[in-house]
């Protein structure tokens with residue numbers, strides 16, 4: 001709702017040490033700017049027609065230093081002509097900087113609305129927040145200035161000042177009316193009963209029973225007689241989320257607070273809806289300070305609250321689409337960047353531009369173009385998660401801040417989803433409209449320079465998409481772009497491979513280091529690709545992990561391994577345990593993994609303790625950080641757990657305290673380093689001794705020579721091993737032959753073979 005021009009306060013103070021800046025503001029905000037000035041010419045060149053001068057008239061005043069600004073603000077207050085807002089520059093040598101200027105101005109005039117002009121290089125947002133109690137009186141204006149943004153900010157903040165002033169005036173009038181009626185209460189109770197103000201009295205002891213409430217509580221749909229004396233009167237009147245504020249106020253009252261206070265809360269009406277009210281209360285005490293009663297008044301402030309919310313919404317959202325505006329997106333981008341610097345998950349910045357949108361406006365008209373923008377905004381919003389930020393930057397440009405991004409393929413999936421959603425036809429006012437979108441993506445990395453650089457990088461990637469033919473997405477980093485493309489293609493092939501039975505299980509025996517007796521079978525998934533032939537797990541497992549296919553692949557591998565274990569058991573040659581690798585993505589499925597283990601083992605008439613899951617130290621580190629409880633629950637079922645690649649970069653005995661680990665699988669490179677370095681050898685002996693003391697088994701990985709075997713056996717005690725010295729990875733038929741024998745006796749020349757001859761032959 002617009003304010004009458006004779007009542008609106010449009011006094012604006014420009015605080016900047018550069019005279020040209022003051023002139024720029026006057027050109028933007030003055031209704032009398034000459035049409036031939038540089039700004040108008042530039043806008044005419046951009047938009048093809050002279051830009052109309054803003055209809056609103058602003059009264060501008062200038063100050064070139066913070067001290068001068070303070071003097072002008074104080075003088076304006078004395079004259080009864082306060083400023084509604086101020087544009088304040090961050091740097092103003094040699095005097096106060098922008099933050100100190102704002103602090104001093106707010107001491108003089110707390111109602112002053114402020115737009116801080118900064119390039120984000122002077123202070124971080126966190127520094128500004130530490131210096132100032134931000135509230136809703138401060139907005140950030142990024143340099144270089146945008147004329148439209150300045151006009152919108154000036155209009156919004158001056159209107160906000162005026163509405164706040166009007167609300168305060170109205171509240172003051174209400175307060176005076178309440179005071180007058182309260183004085184007449186004894187002689188004219190009828191006045192109180194008809195007042196919009198509700199009076200109440202509480203007994204001064206917990207739980208503060210309601211002794212009296214004025215009859216006009218009926219305006220909120222309640223009956224006074226039913227509330228007085230009711231033990232649950234607070235639950236009947238106060239919103240559950242606001243009850244803590246009331247409780248805290250009563251604690252202060254009991255703590256000999258004599259001043260009273262004002263609390264805003266939501267009051268429940270008789271029909272179950274809520275209205276905002278202001279509760280002003282004061283304690284009544286005897287001469288000894290004992291609390292006798294609490295008296296107060298309740299005022300309906302719903303309309304004021306709605307006005308405040310509307311003002312805040314106007315300042316932070318796009319009027320056409322209801323999405324966040326550019327200022328909000330930039331603010332959230334900087335917050336995400338600062339959080340990522342402190343260790344929060346990475347994020348990605350998306351820049352979107354509709355392809356050939358101008359044709360829509362030219363052929364169907366701007367009203368249809370606006371309807372299209374609204375529908376596009378709705379479709380983009382539907383593709384994103386609740387915590388992602390979607391904004392309209394202006395015209396046909398949109399932006400997305402995708403939070404909690406752990407892998408570039410997550411960005412690719414979102415971009416593809418949006419592209420497919422927007423390309424679907426639109427039915428707009430009887431018109432069949434079609435459009436596509438080009439998308440640029442910049443992914444945060446520890447090497448990212450700034451939040452602004454990510455915005456620029458996403459814009460550059462957008463133009464790359466335009467150059468490549470439109471209706472596509474592109475990453476700013478070409479390597480990432482190619483990696484994601486290859487990974488997505490491989491993942492699509494892998495999805496078909498599961499359906500077409502191209503995957504096969506192979507096995508690596510685990511044996512007693514001394515006797516060669518087979519004590520377990522480790523499972524590996526091999527892919528017989530129709531074009532590329534047999535593929536090792538290292539080729540496709542990373543893609544499966546990062547695209548989420550590992551969940552379906554893991555389910556398939558578990559079922560096939562249990563099926564094979566059942567066959568071996570029926571033939572009386574099953575190993576004591578069959579071991580599968582377990583990824584972080586699988587662990588994150590939580591109860592789904594637990595149920596999968598129970599269902600699958602029951603299906604094949606096995607027990608959970610017939611299984612062992614091998615989990616790398618890297619996965620355990622992340623699992624512990626996220627407080628994932630899947631592994632402890634698997635242990636409770638009897639599933640064995642082994643720490644794979646132990647002795648690499650994450651080694652910590654803390655895992656052994658957190659999880660009931662059954663085995664440690666010593667990495668081959670750890671064993672090699674122990675042979676070469678006496679210090680590492682000492683560490684190895686300490687690990688072995690500790691594990692044996694606490695009853696944890698040891699599995700040595702990558703045992704390929706007699707020398708390695710001898711070194712491990714010299715440590716004393718029993719130990720399991722796997723590696724080419726005993727056996728390569730074998731298929732199910734070869735594994736069955738080994739299980740029939742029960743043990744593996746290495747060939748005499750195993751340790752004399754060159755490493756090239758120790759590699760596994762292609763199945």
Can you name the residue in region 453-477 that is within 25 Å of residue 344 (Cβ to Cβ) and in contact with a helix residue (DSSP H, G or I) (Cβ under 8 Å, 6 or more places away or on another chain) and, of all such residues, is modelled with the lowest pLDDT? 476
For the list (1) over 32 Å from the mean Cα position of the chain (by Cα); (2) under 23 Å from residue 208 (Cβ atoms); (3) not in a loop (DSSP other than H, G, I, E, B), I need the number of the one condition that residue 288 fails. (3)
Give region 209-229 a look and list any residue that's surrounded by fewer than 17 Cβ atoms within 10 Å (Cβ to Cβ), part of a helix (DSSP H, G or I) and under 44 Å from the mean Cα position of the chain (by Cα), or say none. 219
Answer with yes or no whether residue 332 is farther than 19 Å from residue 242 by Cα, in the same structural domain as residue 443 (by TED's automatic domain parsing), free of Cβ contacts under 8 Å to residues at least 24 places away in the same chain and within 24 Å of the chain's Cα centre (by Cα). no
Within region 138-191, of all residues that are under 17 Å from residue 216 (Cα atoms), touching a helix residue (DSSP H, G or I) at 6+ places or on another chain (Cβ under 6 Å) and assigned to a helix (DSSP H, G or I), the one modelled with the lowest pLDDT is 191
Per the filter on region 458-482, residues touching a residue at least 60 places away in the same chain (Cβ under 8 Å) and more than 15 Å from residue 411 (Cα to Cα) are 459, 466, 470, 471
Enumerated strands (runs of 3 or more DSSP E) restricted to region 515-607, each holding at least 2 residues that are buried (at least 18 other Cβ atoms within 10 Å of the Cβ) and under 35 Å from the mean Cα position of the chain (by Cα): 578-581
Residues located in region 424-450, provided they are at negative phi and in a loop (DSSP other than H, G, I, E, B): 424, 425, 434, 435, 436, 444, 445, 446, 447, 448, 449, 450
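Let me confirm something: among 717, 742, 723, which residue is farther than 21 Å from residue 678 by Cβ and either touching a helix residue (DSSP H, G or I) at 6+ places or on another chain (Cβ under 9 Å) or buried (at least 18 other Cβ atoms within 10 Å of the Cβ) (or both)?
723
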Can you confirm whether residue 428 is crowded, with 21+ Cβ neighbours inside 10 Å, in the same structural domain as residue 361 (by TED's automatic domain parsing) and either closer than 21 Å to residue 404 by Cα or in contact (Cβ under 8 Å) with a residue 60 or more places away in the chain (or both)? no
Being in a strand (DSSP E or B) and under 25 Å from residue 489 (Cβ atoms) is the requirement here; does residue 418 meet it? no
Tell me, which residue of region 701-751 that is within 20 Å of residue 686 (Cβ to Cβ) and modelled with pLDDT of 85 or more is nearest to the chain's Cα centre (by Cα)? 701
If I go through region 347-390 residue by residue, how many of them are farther than 21 Å from residue 423 by Cβ and in contact with a helix residue (DSSP H, G or I) (Cβ under 6 Å, 6 or more places away or on another chain)? 4
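Each row is one residue, and each column tells you yes or no for (1) at pLDDT below 55; (2) assigned to a helix (DSSP H, G or I); (3) surrounded by fewer than 14 Cβ atoms within 10 Å (Cβ to Cβ).
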site: 25; (1), (2), (3): no, yes, no
site: 33; (1), (2), (3): yes, no, no
site: 56; (1), (2), (3): no, no, no
site: 61; (1), (2), (3): no, no, no
site: 88; (1), (2), (3): no, no, no
site: 104; (1), (2), (3): no, yes, no
Pull up region 192-208, narrow it to residues that are surrounded by 18 or more Cβ atoms within 10 Å (Cβ to Cβ) and more than 28 Å from residue 256 (Cα to Cα), then point me to the one that is modelled with the highest pLDDT. 195
Every listed condition ((1) under 28 Å from residue 157 (Cβ atoms); (2) touching a strand residue (DSSP E or B) at 6+ places or on another chain (Cβ under 7 Å); (3) at pLDDT 85 or above) holds for residue 316 save (3)
Would region 382-405 turn up any residue that is touching a residue at least 40 places away in the same chain (Cβ under 8 Å), assigned to a helix (DSSP H, G or I) and surrounded by 20 or more Cβ atoms within 10 Å (Cβ to Cβ)? no
Quickly run through region 442-467 and pick out the residues that are out of contact with any strand residue (DSSP E or B) (no Cβ under 8 Å at 6 or more places or on another chain) and closer than 15 Å to residue 354 by Cα. 467
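The values are calculated or read from the model by the stated rules, or taken from the named source; none is laboratory data. Treat the numbers as computed from the prediction; the structure is a model and nothing was measured. Cβ atoms come from the backbone with ideal geometry, glycine included; neighbour counts cover every protein chain shown.
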